[in-house]
Amino acid sequence: MKVSVVITCWNGKDLLEKNLPKVLKAKEYKNNKIEEILIVDDASTDDSVAFLSENYSQIRVVKHKVNLGYAAVCNTGVKEAKNDLVAILNLDVAPSEDFL
């Protein structure tokens, strides 16, 4: 089965810069079976969304218009995911290459 990785985001540009390359590296590792990476932004007020659109156009971003909180972000991610298996990551997670 293929996996969707959902990353929750709220004002996380610095953590995205640090950890998103590690998630992309894990996607390259075929045994993880990661088909998509989806970031759900919870109405960030920093440059998170702009940073993603400028640097990571291959990643789908779903934006909340208002801050709804962590549980809502997770639910949105699962709902929007294309695959039956979903791995939810917080911004501060730096996965190893073979984490799945």
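Suppose the filter is open to solvent by less than 20 Å² (accessible area, probe 1.4 Å) and not aromatic (Phe, Trp, Tyr); does residue 67 pass it? No: the conditions fail for residue 67. Evaluated against (1) without any contact (Cβ under 8 Å) to a residue 60 or more places away in the chain; (2) hydrophobic (A, V, I, L, M, F, W, C); (3) open to solvent by 30 Å² or more (accessible area, probe 1.4 Å), residue 86 falls short on exactly one condition, (1). Of the residues 41, 46, the single one that is assigned to a loop (DSSP other than H, G, I, E, B) and either touching a residue at least 12 places away in the same chain (Cβ under 8 Å) or closer than 22 Å to residue 21 by Cα (or both) is 46. The criterion of being under 12 Å from residue 86 (Cα atoms) and not basic (Lys, Arg) does not hold for residue 48. Applying a threshold of 6 Å to beta carbon distances and a minimum spacing of six or more residues, or different chains, the list of pairs starting in the stretch 13-35 at a residue that is modelled with pLDDT of 95 or more and ending at one that is open to solvent by 100 Å² or more (accessible area, probe 1.4 Å) reads 15/92; 33/2; 35/2.
Residue 48 satisfies every condition listed in (1) closer than 22 Å to residue 99 by Cβ; (2) open to solvent by less than 60 Å² (accessible area, probe 1.4 Å) except (1).
Residues in the stretch 87-100 that are among the aliphatic types (A, V, I, L, M), under 19 Å from residue 10 (Cβ atoms) and either over 11 Å from the mean Cα position of the chain (by Cα) or assigned to a loop (DSSP other than H, G, I, E, B) (or both): 91, 93, 94. Restricted to the stretch 1-12, and to residues there that are at pLDDT 95 or above and open to solvent by 50 Å² or more (accessible area, probe 1.4 Å), the residue that is farthest from the chain's Cα centre (by Cα) is 2. With the structure loaded, tell me whether residue 26 is in contact with a helix residue (DSSP H, G or I) (Cβ under 6 Å, 6 or more places away or on another chain) and assigned to a helix (DSSP H, G or I) or whether it fails that test. It is true that residue 26 is in contact with a helix residue (DSSP H, G or I) (Cβ under 6 Å, 6 or more places away or on another chain) and assigned to a helix (DSSP H, G or I).
If I go through the stretch 49-85 residue by residue, how many of them are in a helix (DSSP H, G or I), among the hydrophobic types (A, V, I, L, M, F, W, C) and more than 16 Å from residue 15 (Cα to Cα)?
5
In the stretch 19-33, the qualifying residues are those that are farther than 11 Å from residue 89 by Cβ and under 13 Å from the mean Cα position of the chain (by Cα), and the one that is least open to solvent (accessible area, probe 1.4 Å) is 24. Only a single item in (1) of a type in the set (Val, Ile, Thr); (2) touching a Cys at 6+ places or on another chain (Cβ under 6 Å); (3) more than 20 Å from residue 25 (Cβ to Cβ) is not met by residue 39, and it is number (3).
The values are calculated or read from the model by the stated rules, or taken from the named source; none is laboratory data. This is a predicted model, so every value here is computed, not measured. Here Cβ is always computed from backbone atoms with ideal geometry, including for glycine, and neighbour counts include all displayed protein chains. We work out accessible area using only protein heavy atoms, side chains counted, and drop any ligands, DNA or RNA first. Shrake-Rupley method; radii C 1.70, N 1.55, O 1.52, S 1.80 Å.
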